[in-house]
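Working notes, beginning with the structure itself.
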Amino acid sequence: MSQHSDPSPHSETPEHAAAAESSTAGEPWFDSTWTRVHPLSPVVRGWLALVAIPFIALSSNWETITDLWEALRSGELTEAADRHPMIALAVVGGVLLLILLIFGGFALSWWFTRYKITDEHVMVKSGIFVRQHRQARIDRVQAVDLRQPLLARLTGLAELKFEVAEGDGTAATLAFLTRSAAEQMRTEIMDRASGRTTARDRPAGPAAEWSDDAEQSGDADAGGRSTAGEPGAGAPDASADAGSGSAAPQELPEVEDRQIVQVPTGRLIGSVLTGWGTVLLLILILAGGVFGAVGLVTALVLGLDDVRGQIGASLGVLGAGVLPAAIPMAIAVATTYYQQFSTGFRFTATMTSAGLKLRYGLLETTTQTVPPGRVQAIQIHRPLLWRPFGWARIMVVVAGYGSGEQRSVLLPVGTRDDVLAVVAEMFPDLQVADPAALIDEGLTGVGDDGAFTAGPPAARWLDPVVRRRRGGTATPAALLARDGRLARRLTLVPHERIQSLSIQQGPVQRLAGLATLRLHSPAGPFQARLENQRLDDVHGFFEHESRQAAVARRLRDREQWMGPDELHEFEKMVRQDSAV
C-alpha cells in the first residue's frame, strides 16, 4: 500500500547547468566581456604532473642518468657530442620540445579558460580542442564554496564552486583567482542570490572588477577602462539606471558577523579516536592476543601428544595469524582518521549576512557558506561512544550538494550548547515554548510520554531495540523525527522544504497495523522518515504535513531567502537569540 502527496504549489523544472548559451553562426567563442583566470591557475591544477614526470623519469632511469653524469664530469659526453653533433642536437631539442609542450599546454589552458558574471548567470568557458561551457543561475545558487588546495594556499589563490538546486554535481567551478578576488565574488554572488542586493547595486567600472589584474585579460577598451564593468559582464552601465527614472533599491542593513562555534583540536582528536574503527581494531587485536596466549599456554602445559594440547596449538596459530591481518586494517583506520581530522581541523562556524560560513581544513582549506533559506533538513547525530561526553554531529541537506558527506557536515563535533547554537541559526524559531527541551527530548527521550510519538507494542517484533525511540512530532515550523537506540538521531525538516510525502506499508506492517511515513527531499546524506508507527499516527502526520507544507511553501518558500521581509524576521530572531 502506498499513498503519495506533493504539497508543492508549483513544479520546478531543473535547468541544465552546463547548457551552452545561444549563439549565432560566426559569433566568436570569447568576446571582450569575458575575463581570464589567474595565470598560475594551470600550474596549480597540474602541479602533480610537473612533479610526477621528473620523478618517474629519474626513478626508472637512475643508472642511465648516473652514467651520463659521470660521463659529463669526465668529459666523455662532450667529446661524444663533438663527434656526433646531430644526435646531440636531437636529444637537446627533444628535451626542450617536451618542456615547451608542457608549459605551452598550461598557457593554452589558461588562455582558453574565461568567465563572465551577468545579471542572471555565472558562466565559465574552457577547453582547447573540446570546448565546455558551464553556467549557474544566480537566483538558483544554493551555496558558493571557496576552496584552497595546498599549492593554492602557498600562492594565495582560491577556487570557487557554485552549487545550484539541480542535480548532484557542481554547476560551475572557477579556478583560480586571488583569495581577495574570490572572497569578493563569493560575497557578491551570495548577496545577489539571497536578495540582499541586485546586479544594479554593484558599482560599475574598475572598482567592481573581480579580475586579479585588469591587464591580464587584455579586454580593455580604447579608453583604458576594463570592459568587465560593461553591461553583460555582470556590472550594468550606470547610465541605464539614470535614464530609466527608477528609484534605487533600498539598501538592506548589514548583519554583523558572529562566531557561533569553534571546534577545539583536543575535542576533534577525541571524537576521531572514539570512532567505531578504533573499537573494531582493538577487538581484533585483543581477540588475536587472547587466542594466541591461551593456545600457547595450553599447548605448553598439556603437550602436543594430548588432543587438548593440539587444539590449543591450533588456537595459538589462529591467534598469531589474526595479528598480522590487523596491520592493513590499522592502515585503513589511520587513513580514515586522518581524513576526518584534516577536514575538521580548525573548524569555525560564523554567522554572516549570507548565511552560516564554515571554515576548515589542515593542508587544504575550504570556506563554505550554508544559507538558512536553502537548508532542506538537518540531522543531529550522537554516536554511542560520544554520549558520555555529550558530543554530537550535525548534518545538513542542501539541494545541489548531493549525497557527499563532507560538504554536508554543519558541525563535525560539538557539545550540547554548540548544537543548540547551530540549530538556532538554521531554525531561528521552532515556535515552541522551550526549543532546547524539545531537542533534548529528541536526542535522549524514550517512549511517548512527551511530545514525540513512539512505536506501539505491535512493533516490538520489527524493532526490538529501537521501538520506543522511533517517533515524531510537529511544531508550527518543522517536523521532527527521532530514531536510533545506540547511535541516536534527530532530524528536523521545515514544513516549506517538504517536497512530497508517502505512506508505505508492507505485508508484515499491514498485519501489525503499522506503516512508514517518508518525507521526500533532494539527495543528501540522510532521508527523513517515521518507521513502524501506528497507522492512525502516520495518517495524522500525513494529513497535517500535506496541509502545513502546502501553505508554508506558498508563504515562505522563495528564491531569494534574504529579501526585505525575510531579512526582517531573520534578524529579529537572531537579536532575540543573542539577547538570551
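What the table shows:
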quantity: Dimensions in Å of region 352-498 - Rg and Dmax from alpha carbons; calculated: 15.8, 52
quantity: Burial order of peptide ranges 94-102, 31-39 (average beta-carbon count within 10 Å, highest first); calculated: 31-39, 94-102
quantity: Probe 1.4 Å, protein heavy atoms only - accessible area per residue of region 291-447 in square angstrom; calculated: 42 Å²
quantity: Residue 515 long-range amide H proximity, modeled H, under 5 Å; calculated: 532, 533, 535
quantity: Using θ = phi - 60° and Karplus 6.51 cos²θ - 1.76 cosθ + 1.60, couplings along region 375-380 (whole Hz; Gly, Pro as x); calculated: 6, 8, 6, 10, 9, 9
quantity: Among 502-508, 294-300, the order from most to least packed when residues are scored by Cβ within 10 Å on average; calculated: 294-300, 502-508
quantity: Isotropic mean projected area of the C-alpha convex hull, region 462-532 (nm²); calculated: 5.3 nm²
quantity: Surface share of carbon and sulfur [accessible, 1.4 angstrom probe, percent] for region 370-502; calculated: 53 percent
quantity: Residues with amide H under 5 Å from that of residue 499, placed H, sequence gap 5 or more; calculated: 520
quantity: For residue 121, distant residues with modelled amide H under 5 Å away; calculated: 138
quantity: In Hz, Karplus ³J(HN,Hα) per residue of region 120-131 (6.51, -1.76, 1.60; θ = phi - 60°; x = Gly, Pro); calculated: 10, 9, 9, 10, 10, 10, 8, x, 9, 9, 9, 8
quantity: Region 332-395: relative contact order in percent, alpha carbon pairs under 8 Å with at least 6 residues between; calculated: 20 percent
quantity: Local net charge near residue 80, Cβ-Cβ under 15 Å (Lys/Arg +1, Asp/Glu -1); calculated: -3
quantity: Calculated from backbone phi, Karplus (6.51, -1.76, 1.60) coupling profile of region 66-83 in Hz, x at Gly/Pro; calculated: 5, 5, 5, 5, 5, 5, 5, 5, 7, x, 5, 5, 5, 5, 5, 5, 5, 6
quantity: Accessible surface, region 56-139, averaged per residue in Å² (probe 1.4 Å); calculated: 70 Å²
quantity: Percentage relative contact order, region 256-314, counting C-alpha pairs under 8 Å, at least six apart; calculated: 21 percent
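The values are calculated or read from the model by the stated rules, or taken from the named source; none is laboratory data. Small disclaimer: the values here were computed from a predicted structure and weren't measured. For neighbour counting, all protein chains shown are included, and Cβ atoms are generated from backbone atoms with ideal geometry for every residue, glycine included. For accessibility, only protein heavy atoms count, side chains too; no ligands or nucleic acids. Shrake-Rupley method; radii C 1.70, N 1.55, O 1.52, S 1.80 Å.
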